[in-house]
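Participant: The structure is given below, and queries will be raised subsequently.
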Amino acid sequence: MDFGLVLQTDPPAAQVVSLMKRAERNGFHYGWTFDSAVLWQEPFVIYSQILANTQRLTIGPMVTNPGTRTWEVTASTFATLNDMYGNRTVCGIGRGDSAMRVAGRKPNTLARLGEAIGVIRDLAEGREAEVDGQRLRLPWVKDGRLPVWMAAYGPKALALAGEKADGFILQLADPFLTEWMVKAVRKAAADAGRDPESITICVAAPAYVGDDLAHAREQCRWFGGMVGNHVADLVARYGEHSGLVPDALTEYIKSRQGYDYSHHGRTGNPDTAFVPDEIVDRFCLLGPAEAHIEKLKALRDLGVDQFAVYAMHDAREAVIDAYGRSIIPALR
């Protein structure tokens with residue numbers, strides 16, 4: 001199993017770079033960041049510094065979207081980083097939640113997302129693609145490689161990930177829901193004539209190592225609120241108890257009252273009081289190292305190839321070091 005570190009690009013950027021260097025020293029292979037231009041600093045500028053200060057780390061957004069930047073700009077940015085640092089990027093992409101809504105726009109449609117996946121990958125790898133009716137190619141790209149991994153929850157999005165993406169990003173670590181979603185992605189891949197085992201499965205969630213569960217839950221409760229944004233979209237689209245989305249995913253948002261993106265992804269978010277302890281425990285990895293190892297082995301058995309640690313809490317360095325000391329060696 002591979003491991004990644006997920007950060008927000010809060011200033012100072014030097015601290016983001018330092019934490020990524022620490023992650024690489026501790027055996028992490030991937031470095032991810034949020035991508036929301038209003039809420040945080042521009043990640044692609046910081047990626048150049050991360051890549052320059054590490055040797056092996058693969059870097060990318062968790063996740064970008066097809067609406068914030070034009071597709072040729074996204075592809076050219078990735079291709080430039082790859083040319084400079086040797087194909088060490090990955091494009092995590094989704095419909096767009098905070099990046100679009102904070103700017104007063106709706107998330108992108110799945111149709112637009114599906115088209116963007118192919119176009120961005122083709123352009124970044126040196127092939128010709130059509131953008132807004134115009135055939136384009138980046139003539140300077142040589143031996144480019146850009147895996148595109150898609151974030152998804154609902155049945156149509158899961159199907160699209162299986163049909164189009166090189167990897168699937170699931171932002172929660174509940175084994176029951178992971179099994180359901182991985183099966184849906186792999187089935188869609190097989191139905192599309194693809195090798196379902198060729199799709200990389202990445203589970204991303206907060207991890208907090210320690211014996212004080214009450215404190216760990218409060219540090220990670222924000223995550224249930226963030227996931228709740230996507231769940232609310234699913235309920236609006238499919239309704240409650242539709243059979244298309246597991247009740248285990250939708251039940252907990254019944255008392256959700258809305259969401260203020262100024263607290264997005266942050267400990268102490270006041271809009272996450274509705275998230276019960278049970279959801280925090282199911283969606284996150286909490287407790288002593290042994291508990292993390294046990295849950296990660298269960299996820300690995302379900303086909304998960306990478307666990308990406310959301311480190312938005314008061315123990316970032318300690319968790320990175322704990323993973324490097326005892327958890328990553330146990331899973332590799």
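Participant: What 222 nm value per residue comes from the helices of the chain, counting each DSSP H run with n ≥ 4 as -39,500 (n - 2.57) and dividing by all residues, nearest 500 deg cm²/dmol?
Facilitator: -13000 deg cm²/dmol
Participant: Still on this model: Assuming R0 = 35 Å, what is the FRET efficiency of Gln49 and Glu240, from their Cβ-Cβ distance, to the nearest 0.05?
Facilitator: 0.15
Participant: Of Lys21/Lys164; Lys106/Lys164; Lys106/Lys254; Lys156/Lys183, which ones are farther than 24 Å apart at the Cα?
Facilitator: Too far apart for the 24 Å limit: Lys21/Lys164.
Participant: Could you give the nm distance between label points at Lys106 and Glu278, where each point is 7 Å from its Cα heading toward the beta carbon?
Facilitator: So the two model labels end up 3.4 nm from each other.
Participant: So for each of 139-151, 58-70 I average, over its residues, the number of other beta carbons within 10 Å; can you give me the resulting order with the highest mean first?
Facilitator: Top of the packing list down: 58-70, 139-151.
Participant: Something else: Among the complete DSSP H segments of the chain, which ones combine at least 15 Å of alpha-carbon extent along their axis with a mean Kyte-Doolittle hydropathy of 0.0 or more?
Facilitator: Helix filter hits for the chain: 71-85, 110-124, 175-191, 222-238.
Participant: Further question: Over the alpha-carbon set of region 194-276, work out the extent along each principal axis and list the three values in angstrom, largest first.
Facilitator: 43, 32, 24
Participant: If you don't mind, there's one more thing I want to ask. Please report the orientation-averaged projected area of region 194-332, defined via the convex hull of its C-alpha atoms, in nm².
Facilitator: 9.6
Participant: Follow-up question, since we're still on this one. What is the gain in length, in nm to one decimal, between Arg22 and Ala232 on full extension, counting 0.36 nm per residue of separation less the C-alpha to C-alpha distance?
Facilitator: 72.0 nm
Participant: Over the chain, with every protein chain in place, what whole percent of the accessible area is carbon and sulfur at 1.4 Å, could you tell me?
Facilitator: About 49 percent, which is the carbon plus sulfur part of the accessible surface.
Participant: In units of 2.2 N^0.38 Å, what is the alpha-carbon radius of gyration of the chain?
Facilitator: Here the Cα radius of gyration is 0.94 times the empirical estimate.
Participant: A follow-up question, please. Which of the chymotrypsin sites (Phe, Trp or Tyr not before Pro) found in region 3-41 are loop residues per DSSP with 12 or fewer other Cβ atoms within 10 Å of their Cβ?
Facilitator: Answer in residue order: no site qualifies.
Participant: I'd like the GluC sites (Glu not before Pro) in region 275-332 restricted to DSSP loop residues with at most 15 other Cβ atoms within 10 Å, sorted by number.
Facilitator: Here no loop site has a sparse enough neighbourhood.
Participant: From the P(r) of region 21-69, could you give the percentage of C-alpha pairs in the tail past 15 Å?
Facilitator: Everything past 15 Å amounts to 46 percent.
Participant: Scan around Ile201 for amide H atoms under 5 Å from its own, H built in the peptide plane at 1.01 Å from N, and keep only partners 5 or more places away or cross-chain.
Facilitator: Result for Ile201 returns Phe168, Asp305, Gln306.
Participant: Between Arg266 and Ala291, 0.36 nm times their residue separation minus their Cα-Cα distance comes to what?
Facilitator: Going from the current span to full extension adds 6.6 nm.
Participant: Next up: Amide H to amide H under 5 Å from Val6: which residues, 5+ apart in sequence or cross-chain, H placed 1.01 Å off N in plane?
Facilitator: Those qualifying (amide H under 5 Å, at least 5 residues apart or on another chain) are Trp32, Val309, Tyr310, Ala311.
Participant: So which aspartates and glutamates can Lys142 reach, going by Cα to Cα under 14 Å and dropping same-chain residues fewer than 8 places off?
Facilitator: Asp83, Asp122, Glu125, Glu128
Participant: Choose one answer from Asn269, Asn53, Asn82: the residue with the largest mean-square fluctuation in a GNM of the chain with alpha-carbon springs under 10 Å.
Facilitator: Asn53
Participant: A follow-up question, please. Binning at 5 angstrom from zero up to the longest distance, how are the C-alpha pair distances of region 1-83 distributed in percent?
Facilitator: Pair shares across the bins are 3, 15, 28, 25, 18, 9, 2, 0.
Participant: Related question: Taking the Cα-to-Cβ direction at Trp180 and at Asp314 and moving 7 Å from each Cα, how far apart do the two end points lie in nm?
Facilitator: Placing both labels 7 Å beyond Cα along the Cβ direction yields 3.4 nm.
Participant: Please list, by residue number, every one of the GluC sites (Glu not before Pro) in region 14-121 that is coil in DSSP and has at most 15 other beta-carbon atoms within 10 Å.
Facilitator: none
The values are calculated or read from the model by the stated rules, or taken from the named source; none is laboratory data. Just so we're clear, the structure is a prediction, and the values are computed from it rather than from any experiment. As a convention, Cβ positions derive from the backbone with ideal geometry for all residues, glycine included, and neighbour counts pool all protein chains shown. Please note that ligands, DNA and RNA were not included when accessible areas were found on the heavy atoms of the full protein model with its side chains. Shrake-Rupley method; radii C 1.70, N 1.55, O 1.52, S 1.80 Å.
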